[in-house]
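K.L.:
I'd like to ask you about the structure that follows.
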Amino acid sequence: MIEVYKTDLINEQLAQEIKQIIEKEVPNCKISLDLEDSDRIVRVQASPKAIVAVESLLEFMLVQLEPLPA
């Protein structure tokens, strides 16, 4: 399953640190970032259960998420 989110991430270094934390905490999860896109995209490829865990972690880290339509 792939989910795509619009975020409020603007700092590349912070985004990479968040990515590393998520990859450590949620095994078998692939994350890609596109902060150059106007929506500052985060793409998550994982099982539905893992996607919920990623969403929770991002919200815990105060990252605003808005799911984008497929």
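The values are calculated or read from the model by the stated rules, or taken from the named source; none is laboratory data. Just so you know, these numbers come straight off a predicted model, no measurement behind them. Counting neighbours? That spans all protein chains shown, and the Cβs are built from the backbone with ideal geometry, glycine included. With ligands, DNA and RNA removed, areas are computed over all heavy atoms of the protein, side chains included. Shrake-Rupley method; radii C 1.70, N 1.55, O 1.52, S 1.80 Å.
K.L.:
Treating only the Cβ atoms of Lys and Arg (+1) and Asp and Glu (-1) as charged, compute the dipole magnitude of the chain about its Cα centre; round to the nearest 20 debye.
P.N.:
280
K.L.:
Could you grab the Rg to Rh ratio for the chain? Cα atoms only, Kirkwood for Rh.
P.N.:
Expressed as Rg/Rh, it is 0.91.
K.L.:
How much accessible surface area, in Å² rounded to 10, belongs to the heavy atoms of D39 with a 1.4 Å probe?
P.N.:
The accessible area comes out at roughly 40 Å².
K.L.:
Turning to a different aspect of this structure: Under 15 Å from the Cβ of D37, count the other residues' Cβ atoms, weight Lys and Arg +1, Asp and Glu -1, and hand me the total.
P.N.:
Surrounding charge for D37 is -3.
K.L.:
Would you mind working out the accessible area per residue for the chain, using a 1.4 Å probe, and quoting it in Å²?
P.N.:
Computed with neighbouring chains in place, this is 68 Å² per residue.
K.L.:
Compare L65, L9, L14 by solvent-accessible area with a 1.4 Å probe and give them largest first, with all protein chains kept in place.
P.N.:
Descending order: L14, L65, L9.
K.L.:
Can you list the HN-Hα couplings for the stretch 53-70, worked out from phi with the Karplus curve (6.51, -1.76, 1.60; θ = phi - 60°), rounded to whole Hz and with x for Gly and Pro?
P.N.:
Per residue, the Karplus-derived 3J(HN,Hα) values read 5, 5, 4, 4, 5, 4, 5, 4, 7, 6, 8, 7, 10, 9, x, 9, x, 6 Hz.
K.L.:
Over the chain, with every protein chain in place, what whole percent of the accessible area is carbon and sulfur at 1.4 Å, could you tell me?
P.N.:
Carbon and sulfur atoms account for 52 percent of the accessible area of the chain.
K.L.:
Also, I was wondering about something else. Please name which of Q16, V63, I51 has its Cα lying farthest along the dipole of the chain towards the positive end, using unit charges on Cβ (Lys, Arg +1; Asp, Glu -1) and the Cα centre as origin.
P.N.:
Most positive-ward Cα: I51.
K.L.:
Heads up, I need the accessible area for E17: 1.4 angstrom probe, whole protein in place, Å², nearest 10.
P.N.:
90
K.L.:
Do the sum for the chain: with -39,500 (n - 2.57) for every DSSP H run of n ≥ 4, divided by all residues, what is the mean residue ellipticity at 222 nm, to the nearest 500 deg cm²/dmol?
P.N.:
Helix-only estimate at 222 nm: -12500 deg cm²/dmol.
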